[in-house]
Every structure is written in C-alpha cells, then in structure tokens.
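Take a look at the structure below.
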C-alpha cells in the first residue's frame, strides 16, 4: 500500500467513525475534497449534515467555520467589510467567516440570491473581491453547504449558476435500524465527532489534491463523459443541460474517485458512479417545479446512462 493510499484510508476510517452506516456518502465527500470541489448536502434535518462537515474539518489540521444562513444576512456578513479607524485615519478590512479552510454554509437556501452570490467567486477562484481589492483564500478551501428539500416556506431555491459551483450534490438519508442503535450508544457520552483527532496535515491534503490531478484519463473515457454531457443538452425532457464546467467537474471527480480506490487511472465505472451526484443538480427538467426536481433529474441521468455506450 502506498503512503497516499494509507492516508486516504485513515481519513475515511476517521470520518466513518463519527458518521456511522454511510460509507458511500463519506467516500463521496472525500472525493470532492481531493478533487478540490465543493459539496451540497440536500437532506432532512438531523441526519448528520453538520456532523459530516465537522468530521471532515477535524480530520486534518484546519480551520472550521459554521455559518447559519438567514434571510437578513448580507454579503458583508460572509466576506467581511472595511472599518474606519479614527486613530489612523484610514479604513481596515476585517475578514469575514469565508476566510477559513472548511466553511459549513448551513441552510444555504434560507438567504437571498444576492447573499448566495457572495460565494460564487470564492468557490470558483479561491478568492474574494471587496471594494475593488482581491483577497486570496486559504488553501485548501472547501465549502460544504446544506439545505432541507422538504421545507419551502421562507427559502430561496439556489439558482443554476450557484448549483453549478458545487461539484456534487448528495443525500445522507436515515440509517438502518441496527446502525441507528449503534448511533444511540455512540452518543451516550456526547458527540462522537467532537472526539475526532487529525489524521493528516493540510500540507498532506494539498499534496493529495495535487496527486489527484495526475490521475490518467484515457481518451475513450473523455469521449464517454462528453457523450453523457451532450445527451443532456439534446434530451427532450430537459430545459437545461450540463455546462462545460459540469463536464470538467465530472472529469476531476472521476480522478478523485480513482485515487480513493487506489488506481492511477479512471475506469468507466468511476464515471457511472459519479454521474448522478455530479450531473443531476446541474440540469433543469421541463415542467417540474422545485419540489421533486431532483428525483426527476436523477431519473433522466440514469436513463441517459442506460442508453449511452460504455467504452470497453
């Protein structure tokens, strides 16, 4: 086993010890982080969305910030603002909570589109611009946002340009009964996530992220991904297909998954495994309102997968 693989497996075990019974969700979260993407978790309250973010942050030496989104929040509440210092006769920029390694954007759809848009530059370019000045963010920088898909009162559905910035959209779901029994036992003495210790440094994580970019992707795999993407643009049930950014994101995610599974190359199964979490939130189904949109989108992506030739 290589050193990189040992680090990844240790990270996976560490997070899974606090998020019981959800190995697929844990793996996808790690893939997103290794591929330098951002994660949107769409699920009911109380299933472990916040715990997942904390477990990721605590598993390496990083700064973690939780930001509760509300309707009255302003962009400056995220980015920061300039404060006048009378003693110096000048303004000083006070950094906002976005200057961190792991940002939990809790209930991101509870704030207005204007405030949501404050995250766009940060998520795309790793920097923020305030009052004509540009400030780089820390590396690594990872946004894990949550939203409740079952409550619509007082919410603002994420626009397509915001959704397109998330590498994946996943669900955690309720645990099986026997797993939930273990969850109750694990919480006897408090939150298990609070007891987690770092298993790798930020320098090691940056090295893993760099290595993930080196994973080989064959031309046949590239064509397979493009076949899937282009099929969404001509599908008769879709109003909006996957963007070029979405195609690049699928490519990066496939590299991350291959690395997590101990391979130096991407295989078709990597693309098939990632198609729904990477592509479903990027498409718009005709005649479907916000409620039920994701279920229909997943059905369309699975339909496209079943009809697209897989390279041998």
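The values are calculated or read from the model by the stated rules, or taken from the named source; none is laboratory data. Keep in mind it's a predicted model, so treat the numbers as computed, not measured. Please note: Cβ atoms are built from the backbone with ideal geometry, for glycine as well, and neighbour counts cover all protein chains shown.
When region 18-62 is examined, which residues are found to be assigned to a strand (DSSP E or B) and more than 18 Å from residue 163 (Cα to Cα)?
60 - this is the single residue of region 18-62 that is assigned to a strand (DSSP E or B) and more than 18 Å from residue 163 (Cα to Cα).
Could you check how many residues of region 29-56 are within 10 Å of the chain's Cα centre (by Cα) and free of Cβ contacts under 8 Å to residues at least 60 places away in the same chain?
0
Can you find a residue in region 16-23 that is crowded, with 16+ Cβ neighbours inside 10 Å, without any contact (Cβ under 8 Å) to a residue 24 or more places away in the chain, in contact with a helix residue (DSSP H, G or I) (Cβ under 9 Å, 6 or more places away or on another chain) and closer than 21 Å to residue 168 by Cα?
yes
Only residues that are touching a residue at least 12 places away in the same chain (Cβ under 8 Å), loosely packed, with under 12 Cβ neighbours inside 10 Å and more than 20 Å from residue 263 (Cβ to Cβ): list them for region 196-235, please.
Once the filter is applied, which keeps residues that are touching a residue at least 12 places away in the same chain (Cβ under 8 Å), loosely packed, with under 12 Cβ neighbours inside 10 Å and more than 20 Å from residue 263 (Cβ to Cβ), region 196-235 yields only 197.
Given the options 177, 252, 207, name the one that is outside the structural domain of residue 139 (by TED's automatic domain parsing) and either out of contact with any helix residue (DSSP H, G or I) (no Cβ under 7 Å at 6 or more places or on another chain) or at pLDDT 90 or above (or both).
Just one listed residue meets the conditions, 252.
For region 231-239, check the following and say yes or no: at least one residue is outside the structural domain of residue 29 (by TED's automatic domain parsing) and under 30 Å from residue 71 (Cα atoms).
Yes - at least one qualifying residue is present in region 231-239.
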